[in-house]
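The values are calculated or read from the model by the stated rules, or taken from the named source; none is laboratory data. All values derive from a computational prediction rather than experimental measurement. Here the Cβ is made from the backbone with ideal geometry for all residues, glycine too, and neighbour counts use every protein chain on show.
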Ligand SMILES: [Zn+2]
């Protein structure tokens with residue numbers, strides 16, 4: 001839902017957190033679905049699909065939060081306050097107007113009071129994050145590393161959307177996301193006793209961090225749009241490391257090939273859509289698409 005526009009300063013007098021407000025909508029949507037999923041998880045066979053569905057629901061909620069991040073972070077505003085409101089009539093949104101996808105659909109993409117159009121970007125980001133989370137969880141067969149890779153995917157989505165909008169994503173967004181992702185992967189590694197998972201993702205994170213440090217030296221003021229995607233290098237490094245550690249040589253080779261193809265395909269699309277003489281050589285969107293495709297292909301081939 002709308003969270004303010006660049007031309008209109010956000011009002012500070014509202015004190016309740018948009019996150020708290022959001023969680024009410026989230027709780028109402030998620031509670032019955034989580035209840036049903038928990039029932040299904042209890043039955044053998046359906047376990048994996050129930051987790052995929054659950055990941056999709058969590059993805060909807062995370063997508064709702066990413067909308068706030070993508071909109072407010074480039075403006076230097078807090079993501080927690082003020083609460084979400086209509087940028088046209090300034091009316092504070094009720095919790096039920098913040099339910100991912102459902103609110104936008106029920107209101108037919110317009111504000112309840114002033115009837116101004118609400119961008120379709122909001123439900124698309126929510127739905128897209130849900131599909132990504134479900135895909136990641138399906139690729140990992142619902143096992144515990146899914147959570148870490150979902151966190152990395154959310155980070156990648158936030159960074160690419162901020163940069164797709166023309167702003168450079170601050171390092172803090174990438175750092176917070178990759179930190180959470182790595183922490184969740186560490187928990188999964190301890191849980192499964194699978195230390196290679198931690199080792200490979202840390203190796204990827206280190207290599208990505210070094211590449212980022214090198215590129216910062218090459219373009220310290222971040223004026224060159226070709227270097228925009230560099231914020232994502234530690235995230236994708238950590239992510240690709242996990243693919244390398246998935247255990248099958250065939251899987252890694254297939255994943256690598258899929259990464260090159262998806263990256264190239266995405267670059268061609270971006271080139272056609274946004275040909276402004278600035279080749280998106282390292283742009284974040286191809287990087288995240290390529291990595292996601294590579295992981296799914298690699299894990300599917302590895303079985
Ligand atoms: Zn309005």
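Some points to look at:
- In the set (1) away from the ligand (no atom under 16 Å from the Cβ); (2) at pLDDT below 60; (3) surrounded by fewer than 19 Cβ atoms within 10 Å (Cβ to Cβ), residue 48 fails one condition alone, (2).
- Selection status of residue 138, away from the ligand (no atom under 15 Å from the Cβ), in a helix (DSSP H, G or I) and modelled with pLDDT under 90: yes
- Every residue from the range 77-86 that is at pLDDT 80 or above and either under 14 Å from residue 110 (Cα atoms) or within 7 Å of the ligand (Cβ to nearest atom) (or both): 86
- The range 106-121, subset more than 13 Å from residue 86 (Cβ to Cβ) and assigned to a loop (DSSP other than H, G, I, E, B), residue farthest from the ligand (Cβ to nearest atom): 120
The rows are residues; the columns are (1) surrounded by fewer than 20 Cβ atoms within 10 Å (Cβ to Cβ); (2) out of contact with any helix residue (DSSP H, G or I) (no Cβ under 8 Å at 6 or more places or on another chain); (3) not in a helix (DSSP H, G or I).
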position	(1), (2), (3)
167	yes, no, yes
180	yes, no, no
197	no, no, no
200	no, no, no
205	no, no, no
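- Of all residues in the range 99-112, those that are at negative phi and touching a residue at least 12 places away in the same chain (Cβ under 8 Å) have Cβ atoms under 6 Å from Cβ atoms of residues that are surrounded by 13 or more Cβ atoms within 10 Å (Cβ to Cβ) and assigned to a helix (DSSP H, G or I), 6 or more apart or on another chain, in 99/25; 99/29; 100/60; 100/64; 100/126; 103/97; 104/122; 104/123.
- Residues that are within 15 Å of the ligand (Cβ to nearest atom), touching a helix residue (DSSP H, G or I) at 6+ places or on another chain (Cβ under 9 Å) and part of a loop (DSSP other than H, G, I, E, B) within the range 87-103 comprise 93, 94, 98, listed in sequence order.
- Unique residue being more than 19 Å from residue 294 (Cα to Cα), without any contact (Cβ under 8 Å) to a residue 40 or more places away in the chain and crowded, with 17+ Cβ neighbours inside 10 Å when the list is 212, 161: 212
- Check on residue 293, over 22 Å from the mean Cα position of the chain (by Cα), surrounded by fewer than 21 Cβ atoms within 10 Å (Cβ to Cβ) and at pLDDT 75 or above: no
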